Amino acid sequence: IETEMDFDTPKGRLRAVSRTTPVYAGWLIEHPVKDFARDMPAYEAYYFDDPGAGELGGVREALEGVAEAGLVTPGVGDLFTSFLGGAREGGMVATIYDLQDHPDYCRHLHERYLDHIAARTRHLLEDTASEAVFVNSGYSGPPIVSPRLYRQWDVPVLAAVSRVCREFDVPLHLHQHGHVWVLLEDLIEAGVSIVCPLLPPPQGDVDDLGELKRTAAGRIALKGNVDPVEVLLKGTPEEIEQAVVGCIEAAAAGGGFVLGTADSTVVGTPLENIQAFVDAGLKYGSYSA
């Protein structure tokens, strides 16, 4: 399914095209911001609506449907560099150039984004019974975005959301693609409560969950690490159980670990493998912190 979108704004008209396939929804094949200096002011006018007017009916419905059977973690947005890259033709490569070529305007956008995502978080927590908040890294983070740029542009987003979360005594959950070791102390300092999906190499850098757990114990909770392709998609139930046991044993010291895959579940994963994953978690996943 191909969807054509026109954005009519007070500062100009933008166009984008997305494509949905059986395995991926809404992939942009044409982005609205082609020329940053010309198009970004129009996208700014479109994006920064009233954060207190967001529709929360879907969140309330999910909370009511799940009730005490699980945890609903509503998302409030992406990190700043992915906010830019998600709208930009040329993606993150073009965005990295834009940050260098238009520093004053990017700082202006950054300030607006910090205020906007903090206000969205407050609106969510004031108007629903949400017990956690989710921020998505998108493409933001090593090796795509350098640690220096991440600290300059993305860590302040986490800090802004975390301040609101602390007011309401709810955890901040960050989905951090790519490498996490090099950012660990920054995430802790920014106030992130839990980080996932702890990708193993080559996509990520968590090849020793136990070492990461020992370093992070008591300061930030960890979630994930089970390879969704080589283990969950391609593995046998016995291999899945072995991977689950390995994660639980590695993370047992200090508590604060949530068993999960290293980034969602791949289309085509056999149901019996998913069942084996759940069964192994229930069988081996109880330990005392």
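The values are calculated or read from the model by the stated rules, or taken from the named source; none is laboratory data. The structure presented is a predicted model; accordingly, all values stated were derived computationally and were not measured. Using ideal geometry, Cβ is built from the backbone for each residue, glycine included, and neighbour counts are taken over all protein chains shown. Side chains are part of the model used for accessible areas, which takes the heavy atoms of the whole protein and leaves out ligands, DNA and RNA. Shrake-Rupley method; radii C 1.70, N 1.55, O 1.52, S 1.80 Å.
Worth a mention:
- Options V206, V192: the member that is open to solvent by less than 30 Å² (accessible area, probe 1.4 Å), of a type in the set (V, I, T) and within 15 Å of A262 (Cα to Cα): V206
- Listed by position, the strands (runs of 3 or more DSSP E) contained in region 12-79 that have at least 3 residues being in contact with an Asp or Glu (Cβ under 9 Å, 6 or more places away or on another chain) and open to solvent by 50 Å² or more (accessible area, probe 1.4 Å) are 12-19.
- Check on L124, open to solvent by 20 Å² or more (accessible area, probe 1.4 Å) and either charged (D, E, K, R) or in contact with a helix residue (DSSP H, G or I) (Cβ under 9 Å, 6 or more places away or on another chain) (or both): no
- Every residue from region 232-249 that is under 30 Å from E185 (Cβ atoms) and open to solvent by 30 Å² or more (accessible area, probe 1.4 Å): V245, G246, E249
- V226 being open to solvent by less than 30 Å² (accessible area, probe 1.4 Å), of a type in the set (A, V, I, L, M, F, W, C), touching a strand residue (DSSP E or B) at 6+ places or on another chain (Cβ under 6 Å) and closer than 28 Å to P156 by Cβ: no
- Applying the condition of being in a loop (DSSP other than H, G, I, E, B) and open to solvent by 60 Å² or more (accessible area, probe 1.4 Å) to region 269-289 and asking which residue is modelled with the highest pLDDT yields S286.
- Just one of the numbered conditions (1) within 16 Å of the chain's Cα centre (by Cα); (2) part of a helix (DSSP H, G or I); (3) under 20 Å from G70 (Cβ atoms) is not true of I248: (1).
- Every test in (1) farther than 12 Å from L209 by Cα; (2) in a helix (DSSP H, G or I); (3) of a type in the set (A, V, I, L, M); (4) touching a Leu at 6+ places or on another chain (Cβ under 6 Å) is passed by V266 save one, and that test is (2).
- Flag for D169 being open to solvent by 10 Å² or more (accessible area, probe 1.4 Å), among the acidic types (D, E) and at pLDDT below 95: no
A quick yes/no check of all residues on (1) touching a residue at least 60 places away in the same chain (Cβ under 8 Å); (2) closer than 15 Å to L199 by Cα; (3) touching a Ser or Thr at 6+ places or on another chain (Cβ under 7 Å):
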| residue | (1), (2), (3) |
| --- | --- |
| K234 | no, no, no |
| I240 | no, no, no |
| V244 | no, yes, no |
| A252 | no, no, no |
| G260 | yes, yes, no |
| G268 | no, no, no |
| N273 | no, no, no |
| D279 | no, no, no |
| Y284 | no, no, no |
